[in-house]
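Accompanying notes for the structure given below.
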Amino acid sequence: MADELARLLWGPQARPRRGPKPALSLDGIARAGIEVADAEGLAALSMQRVAELLGKTKMSLYRYVPGKAELVALMTDRAVEDPPDLTGGDWRTDLTAWSAALFRAFAQHPWLLEATVGARLMGPRELSWVERALAALDGKGLTGGERLDAVVLLTSHVRGIAQQSRASGTEAEARLVAALAGVLREHGDDYPATLAAMTAPAEERDQALTFGVERILDGLEALISRRAGS
């Protein structure tokens, strides 16, 4: 199965030399899957649902994609699109822009949060995101493992904020916030630090994405400086 998925993600799409033009393409199938997942979530995705959207039978899809897992992998690599062009100058600026672009990708396709977990084979577009971030740290005195860990740390932070952002703004979230506000009004004397933080000016709140990225980069900068001075 891994070999088949590698062929689908990385190999050239086979085209018959003779006969009619193929009725479907991997890109078209993946785009249809993205349309379903964007509108209804990953749980609603199925080979049957995608086939209906394309006006084809489910069995016709299996000529191109073995199953749902492979379909999600193809969808993921197309949904993330290409990573942002980085300046190649200041590494902090580059990684800040990279993190913001990754957050936008998760916001545009929330199902990516589910699709990009666990051990799996990345496609060329998704792996190019890793390559771009690693390249930003090239020549800074960090080992390959440390640069990989830095990318994992940034990705984990962006993912966590994207997951929280996905849940915010819902009716249930609004009710919980209102309930907490009521609790703090009544019991604020027992939780003064929480009350002060929750009632801070709006411009001081909801900055977790930027705040976290900056603190991660601060830590990397301290390590880079320490290595340079040693």
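In table form, for the structure just shown:
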quantity	calculated
Where a residue in the range 31-55 is touching a residue at least 24 places away in the same chain (Cβ under 8 Å) and open to solvent by 60 Å² or more (accessible area, probe 1.4 Å) and its partner, wherever it lies, is hydrophobic (A, V, I, L, M, F, W, C) and not in a helix (DSSP H, G or I), with Cβ under 8 Å and at least six apart	38/111
Cβ-Cβ under 9 Å pairs, at least 6 apart or on other chains, the range 56-69 side among the hydroxyl-bearing types (Ser, Thr, Tyr), far side in a loop (DSSP other than H, G, I, E, B) and surrounded by 13 or more Cβ atoms within 10 Å (Cβ to Cβ)	60/24; 64/22; 64/24; 64/25
Count of residues meeting criterion [open to solvent by 40 Å² or more (accessible area, probe 1.4 Å) and either in contact with a His (Cβ under 8 Å, 6 or more places away or on another chain) or aromatic (Phe, Trp, Tyr) (or both)] in the range 209-230	1
Residue within the range 118-125 that is more than 25 Å from residue 41 (Cα to Cα), of a type in the set (Lys, Arg) and in a helix (DSSP H, G or I) present	no
Residue 173 vs. criteria at pLDDT below 80, within 24 Å of residue 108 (Cα to Cα) and in a helix (DSSP H, G or I)	yes
Within the range 132-164, tally of residues that are over 18 Å from residue 210 (Cβ atoms) and either in contact (Cβ under 8 Å) with a residue 60 or more places away in the chain or in contact with a Pro (Cβ under 8 Å, 6 or more places away or on another chain) (or both)	6
Residue check, residue 152 modelled with pLDDT of 75 or more and open to solvent by 80 Å² or more (accessible area, probe 1.4 Å)	yes
Qualifying residue in the range 70-83 (condition: surrounded by fewer than 19 Cβ atoms within 10 Å (Cβ to Cβ), touching a Phe, Trp or Tyr at 6+ places or on another chain (Cβ under 9 Å) and under 30 Å from residue 133 (Cβ atoms))	yes
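The values are calculated or read from the model by the stated rules, or taken from the named source; none is laboratory data. What you see is a predicted model; the values in this text were computed from it and never measured. Glycine also receives a Cβ, built like all others from the backbone with ideal geometry; neighbour counts cover every protein chain displayed. To get the accessible areas, we keep the full protein, side chains included, count just its heavy atoms, and leave off ligands, DNA and RNA. Shrake-Rupley method; radii C 1.70, N 1.55, O 1.52, S 1.80 Å.
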